[in-house]
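The values are calculated or read from the model by the stated rules, or taken from the named source; none is laboratory data. Since we're looking at a predicted model, the values are computed, not measured. All Cβ positions, glycine included, derive from the backbone under ideal geometry; neighbour counts span all protein chains shown. SASA here: full protein model, heavy atoms, side chains in, ligands and nucleic acids out. Shrake-Rupley method; radii C 1.70, N 1.55, O 1.52, S 1.80 Å.
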Amino acid sequence: MQSLEIQGFSYEERNGLLAALTSAFAECGGWVLDRKTLSATTMEFRIEIQLRAIIDLYASIISSGLELTRNGHLALTDLCTCRKNASTTADLGQIVSIRIEISFLEDMTLHSLLMIGNTLA
């Protein structure tokens, strides 16, 4: 089983984005294994999906309003390439485990951004 860890962020309203993502996962045939809050502005989803549905999942994630990091885009693009080059239906049936960490930037205040900047200096 392949495993991915991707990160993303959104300026969208939290409840709307979470509903869109949950729906996207289900429509692509994904299983939500875990969903938890990591902090006041960060959430995590752990999902499993068959390799054959990875392109649909990628498109659904983007259309939901979630912005992925460069590494997130590269990881999903690599999986799409693997799917394209899969030679048998058994290969397409492989399960991929994905951990998606989402930061909600609308919830961040100027004060919290300044405090983060102070810790980096």
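Here are the numbers for the structure shown:
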| quantity | calculated |
| --- | --- |
| Elements of type helices (runs of 4 or more DSSP H) contained in segment 62-121, each with 3 or more residues being more than 19 Å from V32 (Cβ to Cβ) and at pLDDT 90 or above | 70-84 |
| Criterion violated by E12 - all others in (1) open to solvent by less than 90 Å² (accessible area, probe 1.4 Å); (2) part of a loop (DSSP other than H, G, I, E, B) satisfied | (1) |
| Single match in S63, S39 (criterion: open to solvent by 70 Å² or more (accessible area, probe 1.4 Å) and among the hydroxyl-bearing types (S, T, Y)) | S63 |
| Neighbours by Cβ (under 9 Å, 6+ apart or cross-chain): first from segment 32-45, more than 19 Å from L105 (Cβ to Cβ); second open to solvent by less than 80 Å² (accessible area, probe 1.4 Å) and of a type in the set (G, A, S) | V32/A26; L33/S97 |
| Filter result (open to solvent by less than 10 Å² (accessible area, probe 1.4 Å) and at pLDDT below 90) within segment 42-52 | L51 |
| Those residues of segment 19-30 which are out of contact with any helix residue (DSSP H, G or I) (no Cβ under 6 Å at 6 or more places or on another chain), buried (at least 19 other Cβ atoms within 10 Å of the Cβ) and within 9 Å of S64 (Cβ to Cβ), in sequence order | L21 |
| Residues satisfying the stated conditions in segment 29-61, i.e. within 20 Å of L17 (Cβ to Cβ), under 12 Å from the mean Cα position of the chain (by Cα) and assigned to a helix (DSSP H, G or I) | L57, Y58, A59, S60, I61 |
